[in-house]
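Trainee: Got a structure for you, written out below as structure tokens; questions coming shortly.
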Amino acid sequence: MKRSSLFLGSTLILLLAAAGGYYYWSHQHASEAEARYRTAQVERGDITQMASANGTLNPVVLVNVGTQVSGTVKKWYVDFNDHVKEGQVLLELDPALYQAQMKQTEASLANVQSQLKLAEANAARSRELFKQEYVTRQELDTSIQASEAARAQVAQVRAQLEKDRTNLAYSVIRSPVSGVVVSREVDIGQTVAASFQTPTLFKIAQDLSRMQIDSSYAEADIGHLKVGQSVVFRVDAFPNHSFDGVVKQVRLNPTTVQNVVTYDVVVAVDNPEQILMPGMTAYVNILVANRKNILLVPNAALRFRPVDIAPRLDRPKGANSGGGNGRGKSKDKDQGDATMGTVYVLNKGQINPIRIAVGITDNRMSEVVSGDLKEGDAVIIEDHKPPVKAASSPMRMF
């Protein structure tokens, strides 16, 4: 009886020692795992997905004022940043050649008009003589033809005179619109030639209180962009101030550079204070989607892969590992454009993989559409233990 009690006491002591050892080992293992891995808690919150690109601020209407005639700049009346009205004189070309040409044409007109008077008098005289049968029918027709030819020549010279007057008027350059002079391209004494193409003399922005941003978006983002979406952008001139806009147009004409396809997205911008200037670089963010009070997981958790235990993880059949970022396209129609990903939850020193469907992202956090992940779960985002490098075999010396 005494031996049996001693045996039971010894067994109880061994069990208690084993339980204590296991408790110590599990706590030691859990503390080591917590020290090795950096985690973040899954939480609820709001998320906004943006599509980002760079663009250039431009006036909505920018008029290039040119000249239809060639000549030397005699005088200009407006300069950079001047406000002009429609029809206001901007510049004068030297009119000497056009004035001389017009005077020459006026002299030619006087000459042909005198010839016309003589031809008409001869035709009238021939008609009277023809009635009295002093001239033949042929002589009458010849005089009438000479009168008509002289009349046509007068009309031709008058047209030439009208052309010369128009060219002389074109030597005075007027503003076609009301606006602000953005650029003056010429100076006094400079010769402009309009033989092959119209040279640009001024650039006038019609209204700087309304501007637009021409931005280039990659084809991967263009499917999310629509007319009317809200836009937030910044410029280097005011780094601490954000500006608002709205998508005005998604142009269908693609641009391909080194096999990269982009599309021009035009953003309408109000500029009542006129602090935004043409040519500024704008860093554009277009609001694509917005979710409120949803479950959020850090993107770092979706990218994390425990290398030492990854080969032993059980994955659902047919599930895509998603490559380096742990994402793959969802096959569930109810999840829309959600992608599949895997996160690793640390619980009492144990790492458990959880498959989730991920929705929109702001490049820092992602929406959890479905899965067994719960609010408060600690997901691993970093492994502090560096990967073990494979030992290299020593070089054999011969």
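Each value in this text was obtained by applying a stated rule to the coordinates, not by laboratory testing. Everything numeric in this text was worked out from a predicted model, so none of it was measured. Don't worry about glycine lacking a Cβ; one is built from the backbone with ideal geometry, like all the others, and counts go over all protein chains shown.
Trainee: Putting +1 on Lys and Arg Cβ atoms and -1 on Asp and Glu Cβ atoms, find which of Ala152, Asn111, Ala169 reaches farthest to the positive end of the dipole of segment 95-170.
Mentor: The listed residue farthest towards the positive side: Ala169.
Trainee: Kindly put Thr56, Thr262 in sequence by how many other C-beta atoms sit within 10 Å of each C-beta, fewest to most.
Mentor: Sorted ascending by nearby Cβ count, the order is Thr56, Thr262.
Trainee: What size of dipole, in debye to the nearest 20, comes out for segment 95-170 about its Cα centre when the only charges are +1 on Lys and Arg C-beta atoms and -1 on Asp and Glu C-beta atoms? Walk me through the numbers on the way to the answer.
Mentor: On the way: 10 positive and 9 negative charges, 33 e Å.
Dipole about the Cα centre, nearest 20: 160 debye.
Trainee: Right, another one. Would you mind checking which residues have amide H under 5 Å from Phe202's amide H? H placed 1.01 Å from N; only 5 or more apart, or other chain.
Mentor: Val65, Glu185
Trainee: Another one. Which pairs, out of Lys203/Lys248; Lys75/Lys163; Lys103/Lys203, put more than 27 Å between their alpha-carbon atoms?
Mentor: Values: Lys203/Lys248 24 Å; Lys75/Lys163 23 Å; Lys103/Lys203 34 Å.
From Lys203/Lys248; Lys75/Lys163; Lys103/Lys203, over 27 Å: Lys103/Lys203.
Trainee: Only Cα pairs under 8 Å and at least 6 apart count here; give the relative contact order of segment 95-170 as a rounded whole percent.
Mentor: Here the relative contact order equals 49 percent.
Trainee: With θ set to phi - 60° and the Karplus curve 6.51 cos²θ - 1.76 cosθ + 1.60, what are the ³J(HN,Hα) couplings of segment 41-49 in order, to the nearest whole Hz, using x for Gly and Pro?
Mentor: 7, 6, 9, 9, x, 9, 9, 10, 9
Trainee: What residues qualify as long-range amide H neighbours of Ile360, i.e. H under 5 Å apart, gap of 5 or more or another chain, H built at 1.01 Å from N?
Mentor: It is Glu367, by chain and number.
Trainee: Using the Karplus curve 6.51 cos²θ - 1.76 cosθ + 1.60 with θ = phi - 60°, work out ³J(HN,Hα) for each residue of segment 244-253 in order, rounded to whole Hz, and write x for Gly and Pro.
Mentor: 10, x, 8, 5, 9, 7, 10, 6, 7, 7
Trainee: List His224, His241 from most exposed to least, where exposure is judged by having the fewest other Cβ atoms within 10 Å.
Mentor: His241, His224
Trainee: Now for a different question. Taking the Cβ of Gln160 as the centre, find all other residues whose Cβ is under 15 Å away and add up their charges (Lys, Arg: +1; Asp, Glu: -1).
Mentor: That sum, taken over residues with Cβ under 15 Å, equals +1.
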